[in-house]
Amino acid sequence: MAQSKVGALIMAAGKGSRMKSVLPKVLHNIIDEPILFYILRAVNEAGVKSSAVIAGYLGEMIENYVKLSWPDVEVLWQREQLGTGHAVQVTREWWSKYDHVLVLNGDLPMLTPQTIQYLINEHIDSSSDCTLLSFITYNPGTYGRIIRSKDANKISIVEYKDADVNERNINEVNAGVYVFNVSKLLKIIDNLSNKNAQGEYYLPDVIELMGKYEHEKMKTLALVADEEELQGVNTPYELAELTVKIIRRINVYWMTRGVRMTMPQSVIISPRAELEEDVALAPSVHILGSSRIGKGSKIGAWSSLSNVITGRDVKLVSNVIAENSKFNDGAIAGPFAYIREKTEIGERAFVGKFVEIKKSSVGKDSKVPHLSYIGDAEIGNDSNIGAGTITCNYDGVKKSQTIIGDRAFIGSDTMLVAPVAIGSDAVTGAGSTITKNVPDGALGVARSKQINVDGWAHKKREKGGEH
């Protein structure tokens, strides 16, 4: 493949009407990435560095996704959806600059880079003019049937709606994945006809036209591949089925690399996530986005991490929700902690139950044990934040910052009204509302004087009041 220029043309122009959705079919998610992501990644990992996606129905949505997530991939347009052959015709200017063009449907999320490499290598090594993937199935449904002639170098395809009874009984079917010799495809592509049940220009008809080409002999081959890899998505049920298979494939991949899962069938890992060895995942854990989980970390049950980085030996007890944040080596959080965007938890720091932290840093060996809200704050090293502490960071117009130094002790139920700074080794009295800075080593107390009214409760009861 290195000696030949290969481009990949991914078809994503169809409506996908059986999905019954306002989204184009290829933008429906499997885990947390669209179907189109999986085929683009497989093509790229197979070594095909130049790709284009054909957009059509609601193509602006597809174009926006590709431009944002795959900036090196071109978007081509099929303004009228007149069939797969028509899609290749209208994109000729792009693919004609290559020696070979890989053409495949955008709804094949199980297709692996290894199978794509195999197809391209066999195509080039055999000097074939068209090589396609087929699979054997006991339920061929509406797939096009592969018709093999006595000549081993010649095949044809008949679409289901145009097939007779005998042809419909064939169980080798077309998967919609082809590699064409570009110079030969250019001689054939304009000979397609739309005289068929759909009134469309079928790309599979190219194979038959190659076999009948009068001016030179053309070679066409079908390589049988694994049925599971070539399953497409046409309905919500098929999407759900493939989602389960991809979840299992991803989990098996990580378990072979030293990740332990108590109940792998309940664990969901994004295709972009990275996990190191000796990571342990409890049941119903979700590792999403570009999360990276460090060696020896333990993620407790019902935790969900999205774009989270953890160092080594991090422990999330259970029911921890974290997004766009970082846990350094040895940090502990949970149960029931909510770690929001732009938060960093320092080495060996502890964030306990029913704590919410947003846009803040917690220094190493510091503790926010329970029932607190920390927002827009910097907490130094080895500090303790008492139960019920709140950083009052929003005045209704703007957010302001709270800074807490090293070895500070924040008493329970302290309100820190930002902007405010608590110095190193400083202490706040429990129940205080702190509105002014507390210097290093000082005690800050801000609460009203307690008044006891003797006999008040007895007098109220005598008057018939509730106690």
- [ ] Could you grab me the full set of residues in segment 150-175 that are open to solvent by 70 Å² or more (accessible area, probe 1.4 Å), among the hydrophobic types (A, V, I, L, M, F, W, C) and either within 27 Å of residue 216 (Cβ to Cβ) or touching a Cys at 6+ places or on another chain (Cβ under 6 Å) (or both)?
- [x] 152
TODO: Evaluate the following for residue 147: is it part of a strand (DSSP E or B), crowded, with 16+ Cβ neighbours inside 10 Å and either hydrophobic (A, V, I, L, M, F, W, C) or under 34 Å from the mean Cα position of the chain (by Cα) (or both)?
DONE: yes
- [ ] Taking residue 88 as the residue in question, decide whether it is more than 19 Å from residue 219 (Cα to Cα), of a type in the set (Val, Ile, Thr) and open to solvent by less than 50 Å² (accessible area, probe 1.4 Å).
- [x] yes
Open item on the list: Suppose we keep only residues that are surrounded by 22 or more Cβ atoms within 10 Å (Cβ to Cβ) and not aromatic (Phe, Trp, Tyr) within segment 129-144. Which one would you say is farthest from the chain's Cα centre (by Cα)?
Closed with: 129
Task: Set 228, 216, 241: member being touching a Lys or Arg at 6+ places or on another chain (Cβ under 9 Å), surrounded by fewer than 19 Cβ atoms within 10 Å (Cβ to Cβ) and free of Cβ contacts under 8 Å to residues at least 12 places away in the same chain - done: 216
Open item on the list: So, residue 418, is that one buried (at least 16 other Cβ atoms within 10 Å of the Cβ), of a type outside the set (Phe, Trp, Tyr), in contact with an Asp or Glu (Cβ under 7 Å, 6 or more places away or on another chain) and more than 24 Å from residue 338 (Cα to Cα) or not?
Closed with: no
TODO: Identify the single condition in (1) closer than 14 Å to residue 416 by Cβ; (2) not in a strand (DSSP E or B) that residue 368 does not satisfy, given that it satisfies every other one.
DONE: (2)
Task: Of all residues in segment 1-57 being within 16 Å of residue 236 (Cα to Cα), in contact with a Phe, Trp or Tyr (Cβ under 8 Å, 6 or more places away or on another chain) and without any contact (Cβ under 8 Å) to a residue 40 or more places away in the chain, the one that is surrounded by the fewest Cβ atoms within 10 Å (Cβ to Cβ) - done: 27
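Yes or no, residue by residue, for (1) modelled with pLDDT of 95 or more; (2) of a type outside the set (S, T, N, Q); (3) over 20 Å from residue 103 (Cβ atoms):
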position	(1), (2), (3)
140	no, yes, yes
147	no, yes, no
158	no, yes, no
185	yes, yes, no
217	no, yes, yes
236	yes, yes, yes
242	yes, yes, yes
Open item on the list: I need the full set of residues from segment 49-102 which are within 25 Å of residue 207 (Cβ to Cβ) and of a type in the set (Phe, Trp, Tyr), in order please.
Closed with: 94, 95, 98
Open item on the list: For residue 418, only one of the following conditions fails: (1) within 39 Å of the chain's Cα centre (by Cα); (2) within 17 Å of residue 355 (Cα to Cα). What is its number?
Closed with: (2)
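Out of the residues in segment 275-304 that are of a type in the set (S, T, N, Q) and in a loop (DSSP other than H, G, I, E, B), which is most open to solvent (accessible area, probe 1.4 Å)?
Start the filter on segment 275-304 by keeping residues that are of a type in the set (S, T, N, Q), which leaves 284, 290-291, 297, 303-304.
Still in the running and in a loop (DSSP other than H, G, I, E, B): 284, 290-291, 297, 303.
Details: 284: 24, 290: 48, 291: 0, 297: 0, 303: 1 Å².
Only one residue tops the list, namely 290.
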TODO: Mind telling me which of the residues 272, 257, 249 ends up being modelled with pLDDT of 95 or more and in a helix (DSSP H, G or I)?
DONE: 249
Open item on the list: Being at pLDDT 95 or above and farther than 24 Å from residue 437 by Cα is the requirement here; does residue 381 meet it?
Closed with: no
Open item on the list: For the condition surrounded by 21 or more Cβ atoms within 10 Å (Cβ to Cβ) and either hydrophobic (A, V, I, L, M, F, W, C) or at pLDDT 95 or above (or both), what is the one hit in 429, 405, 388, 423?
Closed with: 405
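The values are calculated or read from the model by the stated rules, or taken from the named source; none is laboratory data. Everything numeric in this text was worked out from a predicted model, so none of it was measured. Note: ideal-geometry Cβ built from the backbone for every residue, glycine included; neighbour counts use all protein chains shown. Just the protein is used for accessible areas: all its heavy atoms, side chains included, with ligands, DNA and RNA removed. Shrake-Rupley method; radii C 1.70, N 1.55, O 1.52, S 1.80 Å.
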